[in-house]
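Please read the structure below before turning to the comments.
The values are calculated or read from the model by the stated rules, or taken from the named source; none is laboratory data. A quick note: this is a predicted structure, and the numbers were derived from the prediction, not measured. With ideal geometry, Cβ positions are generated from the backbone for all residues, glycine too; neighbour counts draw on all protein chains shown.
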Amino acid sequence: MRTEHTEHTECTEQSAVTVLGLGPMGRALATAFVEAGLRTTVWNRTPGKDTELVERGAVSAPSAEAAVAASELTVVCVVNYDAADAVLRRDEVADALKGRTVVNLTADTPDRARNTARWAAEHGVRYLDGAIMTPTPTIGTPHAVFIHSGPEDLYREHQPVLDALGGTHTHLGDDPGRAAAYDIALLDIFWTSMAGYAHALAVAKAEGISPRELAPFAQGIGAILPPIFEQTAEELERGDFSGDGNPITSAVSSMSHIVHTSEAHGIDAGVMRAAEGLARRAVGRGHGADGFTRIAQLLSDR
């Protein structure tokens, strides 16, 4: 049986990395570090989540301050920045972190990331922000994708340890909020797409089409999107809003059909009504002959 004295003694030996937060993603991160052969110290606010990790070779810290004191590098992955701040900003933890590095892989907003970076600088803590762009099973495999932001020299210093998490790591710039900004934009695509797919499945079911019947055709729609993403980005950057072949007026027409069919079956069409409203706004401003790229420009207008 592991005693508190034994845990404390083990934590005094320097670890390569500390992981704070042992939810599903935190456990995956810690497991990848351990399996890479790195001495890994772990801590979680709720006790008991480190049992399997300790059996694999991780060191269980008796407290958050002991955990961060055990390593020059601490990786944080909790539910949001409220949870991260509740741990990191405690006086005893902040004191233990002084002169050490925090890599915060907690998902939240760009302004929260910048705020935490300012707090870290004021307390002598070296800080990198980041985001995990792939699900838990990818961690430790070539399929994982991580993005990071903050001082590049600090990122390069700790990159060998971070590389133990597998996959691709990209440093996006010195602005600590930049990784979170990418994360928000990319999650916008993902969740809007998932909402659209869930709605499509409901409409299809109402029309007697099973999910399995629709799925192959839905995958076909998904397959045409990557080149459209690239083309739309290029058009927006050069200010080209040409709607040759697919003007916004055509989009409004097809969207109205989706709204009508959905509501005829009593299915909430709020998301599509919102999208149709944006398209109609563009038409109302004289952009009916433009392509859908015009919507991004209108949304960006202050």
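Computed values, structure above
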item	result
Test: residue in segment 90-104 that is aliphatic (A, V, I, L, M) and touching a residue at least 60 places away in the same chain (Cβ under 8 Å)	no
Scan of segment 36-48 for residues that are under 13 Å from Ala16 (Cβ atoms) and not small (Gly, Ala, Ser), ordered by number	Leu38, Arg39, Thr40, Thr41, Val42
Filter result (surrounded by 15 or more Cβ atoms within 10 Å (Cβ to Cβ) and among the hydrophobic types (A, V, I, L, M, F, W, C)) within segment 236-266	Leu236, Phe241, Ile248, Ala251, Val252, Met255, Ile258, Val259
Selection within segment 89-111 - of a type outside the set (A, V, I, L, M) and over 17 Å from Leu172 (Cα atoms)	Arg89, Arg90, Asp91, Glu92, Asp95, Lys98, Gly99, Arg100, Thr101
Residue pairs meeting the criteria (Cβ under 9 Å; at least 6 apart or on separate chains; first among the charged types (D, E, K, R), in segment 11-32; second at pLDDT below 95)	Arg27/Lys49
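Let's see how each residue does on (1) of a type in the set (Lys, Arg); (2) out of contact with any Gly (no Cβ under 9 Å at 6 or more places or on another chain); (3) crowded, with 21+ Cβ neighbours inside 10 Å; (4) closer than 25 Å to Ile189 by Cβ:
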site	(1), (2), (3), (4)
Arg89	yes, yes, no, no
Leu97	no, no, yes, no
Thr106	no, no, yes, yes
Gly130	no, no, yes, yes
Thr136	no, yes, no, yes
Ile139	no, no, yes, yes
His143	no, no, no, yes
Glu157	no, yes, no, no
His169	no, no, no, yes
